[in-house]
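The next block holds one structure in the form of structure tokens; read it before the comments.
Each reported figure results from applying straightforward, stated rules to the coordinates on display, with no laboratory input. Please read these numbers as outputs of a predicted model, since none were measured by experiment. Glycine gets a Cβ as well: all are built from the backbone with ideal geometry, and neighbour counts include every protein chain shown.
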Amino acid sequence: LIPEPDLQSGTIAVPGNVTVVTLPDDFKRGRVESWNVAFEKELGWGLVTEAAYVGTRQVDQLGVREQNWSPIGGGSAGRQLVQRFGRTASTQLIAPIGNSHDNGLQTRLSRRFRNGYSFNVNYTFSRAIGIAGAVNSDNQPVIKIPELYHLNRGISGINIPHVLNIRSIAELPFGSGRQWLNQPGMLSAVLGGWQLNNGCCRTSPATTVPSRLRSDGWSQARRPPFIPPCT
């Protein structure tokens with residue numbers, strides 16, 4: 001049971017078998033930086049092409065830092081707080097855990113609606129580097145030992161390298177003002193004014209982080225290949 005708080009000190013002595021999630025005294029929030037540059041050119045015949053670079057950086061990404069971690073080969077008995085205070089439960093600190101970034105090339109070729117036809121083709125090539133196990137700042141890195149945090153850096157679980165979108169609109173050549181059946185009549189009224197719309201999207205598979213089920217019933221994720229930071 002959790003003891004009653006000391007109303008004079010305003011503190012609660014948390015039992016060693018109760019999980020704690022807390023903030024540091026000197027909490028520092030990270031930041032997100034983003035920028036882009038685009039070039040567009042008209043090719044003629046109603047065609048327009050565009051190429052753009054889009055970059056995003058997450059500096060000091062927030063996540064969960066496990067304070068009661070154990071060194072390699074230490075097991076449960078080797079946890080840091082077990083040795084110092086006999087505390088066996090997880091003790092989690094919300095704090096920066098590292099940086100992540102995404103770089104992408106976005107291209108487009110489109111034809112303005114002309115002579116009853118238009119299309120739009122978009123292709124994106126991107127690469128996202130993040131922290132294994134902590135994609136959305138709501139979890140903790142796969143490797144919890146602070147000295148080995150750098151090994152969590154790798155291809156992000158939300159990385160989708162290739163995305164292709166194709167859309168088009170075509171007016172059927174029937175009815176008033178069209179090539180065929182342009183005279184008043186039943187067929188012109190029934191078949192005139194129709195359009196064909198097409199849309200398709202193809203993407204490459206997202207990066208997956210493999211995992212295995214340990215003998216104690218916990219699911220353990222495995223980090224992607226380590227990618228050293230740029231120097």
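Computed quantities for the displayed model
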item	result
Protection-proxy order for peptides 74-84, 124-134, 191-201, each taking the mean of Cβ atoms within 10 Å per residue, highest first	124-134, 74-84, 191-201
Alpha carbon centroid spacing (whole Å) that separates the range 162-207 from the range 124-145	43
Choice from 156, 176, 90 showing the highest fluctuation, given a GNM over the chain with Cα pairs closer than 10 Å	176
Of all DSSP beta bridges in the chain, antiparallel share, percent nearest 5	95
Size of the range 39-90 as Cα extents on the principal axes (Å, biggest first)	76, 20, 14
Rh by Kirkwood over Cα pairs, then Stokes-Einstein D for the range 52-131 at 1.002 mPa s and 20 °C, µm²/s	125
Cα Rg, Dmax (largest Cα-Cα span) when computed across the chain, Å	28.5, 93
Label-point separation in nm, residue 151 to residue 39, each point 7 Å along Cα→Cβ	4.3
Placed amide H near residue 139: partners under 5 Å, 5+ positions off or other chain	64
Coordinate range along principal axes, alpha carbons of the range 1-120, Å, largest first	78, 41, 27
Residue 20/residue 125 FRET efficiency (R0 35 Å; Cβ-Cβ; nearest 0.05)	0.20
